[in-house]
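To start, the structure under review is shown below, and the notes come after it.
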Amino acid sequence: MSGRSRAGVLLAAVLTLGAGLVPSAHAAPRVPDTAVLDGARLQQTKLRLDRGDPQLRRAVRTLTARADAWLDQGPWTVVDKPKPAPGGDVHDYLSQAPYWWPTTAPTAGNPWGCPYVQRDGQRNPEVDSGTDRQDVEKVFDSSYDLSLAWYYTGKRQYAEKAAQVLRTWFLDPATRMNPNLDHAQFIPCKYDGRAIGIIDFSQSYTSVVDALAVLGSGAPGWTKADRSGMTQWNTDFLGWLRNSDFGRQEGAAANNHGTFYDMQLAALAYATGDRALARRTVLDARARRIDPQIAGDGSQPQELARTRSWHYSTFDLVAYTRLAAIGRHVGVDLWGYQGPDGQGLFKAVDFLLPAATGAGSWTYPELEFHRFAASDVVHAAADAGDEAARKAVPELEAPPGGDLWALRPAAEQLDSIAG
């Protein structure tokens with residue numbers, strides 16, 4: 001062999017070896033085993049982004065702006081509240097019922113101004129201080145934004161911040177939350193906690209479940225101990241949801257509380273390996289939730305009766321569409337189900353379309369109408385095959401901060417209120 005030939009062979013060998021050592025910029029990311037989000041879709045979105053999709057690049061700029069804002073905030077912990085929950089354990093989560101108000105001015109003998117009375121849909125501003133509610137929402141939102149920002153950009157600082165937030169709230173013995181909601185939505189001088197306080201977690205905690213799966217797909221600094229610790233926390237929390245009196249009461253609720261309970265239960269079951277429970281929960285939702293809670297015309301009577309009927313109609317559908325997404329993972333087509341009166345999820349979304357697109361008005365009670373509140377559930381129906389929803393998508397109003405559906409195709413509560 002000539003010197004030139006040998007040199008060529010050697011060069012080819014070096015290039016081949018180098019190609020094996022240097023990963024391709026477009027190497028396929030791992031598929032996260034998410035409960036609500038479609039992990040395979042996330043992978044395909046990441047590949048499209050790496051190939052320069054301009055729409056996705058704009059969406060990622062919006063996502064990373066949100067993630068960047070979290071980098072110098074937190075971490076948060078339940079032990080920081082000024083007073084512990086009524087049981088006295090600072091590790092117990094505490095929140096206050098949002099629609100209950102004092103009837104008298106506080107005094108030394110009556111520091112809360114008791115008794116409290118309910119004003120449905122009117123949020124008492126005192127619930128936003130002195131409890132854990134505001135902080136836990138930051139934990140939910142930040143861990144979701146940061147984990148997705150890491151997945152799409154590969155930037156280490158996002159994964160490390162998400163890990164810090166999650167470890168502090170759930171894992172560190174000095175700062176962790178106990179896996180129960182015994183003191184959620186307490187009412188001063190009346191109840192130390194209430195079953196309906198489970199909504200504090202069920203409306204958003206599945207975002208944390210999916211953030212854990214995204215980080216588990218290879219995030220730097222998210223360790224085996226972190227993964228096993230969160231699996232144990234979720235297993236304990238799932239046990240509390242299934243076996244506590246509060247959990248059983250919330251599971252029996254006949255409105256959005258029951259729907260969100262089922263959705264949270266199914267997601268936790270899926271994430272902790274009980275796929276049979278996840279599947280059974282989604283299957284049971286057909287006769288247990290859709291049949292009695294959605295009318296033949298697609299309306300949701302229990303939600304229309306509220307003073308915030310638009311909010312609660314879209315809110316309940318956030319739970320349904322997320323539950324349907326979990327169903328996809330366990331072989332249940334909840335979107336395709338029709339009840340005895342023809343009720344189903346497509347009809348429920350279609351009922352909202354005139355108001356969601358601005359083509360019609362919302363004629364039911366609503367203290368604060370936000371058209372964008374329906375945008376995610378319409379996206380979800382369109383993705384599931386609803387032609388009317390697909391045609392409506394261009395007419396939707398983007399939520400504050402931009403439309404991130406392309407990056408996190410799972411409905412969120414876009415007009416945030418509590419309760």
Go through L352, L212 and list them by solvent-accessible area, largest first, probe radius 1.4 Å.
-> L212, L352
Quick one: pull the percentage of alpha-carbon pairs in the range 233-323 with a separation above 18 Å.
-> 44
Pairs beyond 24 Å (Cα-Cα), from K46/K161; K81/K190; K83/K161; K46/K391 = K83/K161; K46/K391
Once both axes come from the Cα atoms, what is the angle between helix 256-271 and the longest principal axis of the chain, in degrees from 0 to 90, rounded to 10?
-> 30
Cα centroid distance between the range 49-65 and the range 137-161, in Å?
-> 15
Sparse-neighbourhood loop sites, trypsin sites (Lys or Arg not before Pro) in the range 38-147 - DSSP loop, at most 10 other Cβ within 10 angstrom = R51
Normalised by the residues of the range 299-419, what does the relative contact order come to in percent, with Cα pairs under 8 Å and at least six apart?
-> 29
Given the range 151-308 reduced to its alpha-carbon atoms as identical point scatterers, what log10 I(q)/I(0) does the Debye formula return at q = 0.18 Å⁻¹?
-> -1.13
The range 199-268 to the range 275-304: how many Å between their Cα centroids?
-> 20
Beyond 31 Å, what share of the Cα-Cα pairs of the chain remains, rounded to the nearest whole percent?
-> 42
Counting pairs of alpha carbon atoms under 8 Å apart in space and at least six apart in sequence, what relative contact order in percent does the range 143-269 give?
-> 27
Roughly how tilted is helix 345-357, in degrees to the nearest 10 and between 0 and 90, from the longest Cα axis of the chain?
-> 90
So, in nm, how far is label S244 from label A287 when the simple model puts each one 7 Å beyond its Cα toward the Cβ?
-> 3.0
Would you mind checking the tilt of helix 205-215 against the longest principal axis of the Cα atoms of the chain, expressed as 0 to 90 degrees and rounded to 10?
-> 10
The chain, Gaussian network, Cα under 10 Å: of N110, N255, N234, the residue fluctuating most is N110
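The values are calculated or read from the model by the stated rules, or taken from the named source; none is laboratory data. Computed from a prediction, not measured in an experiment: that's the story for all the values here. Cβ coordinates were reconstructed from backbone atoms using ideal geometry, including for glycine residues, and neighbour counts include every protein chain displayed. Heads up: the accessible areas ignore ligands, DNA and RNA and are worked out on the full protein's heavy atoms, side chains in. Shrake-Rupley method; radii C 1.70, N 1.55, O 1.52, S 1.80 Å.
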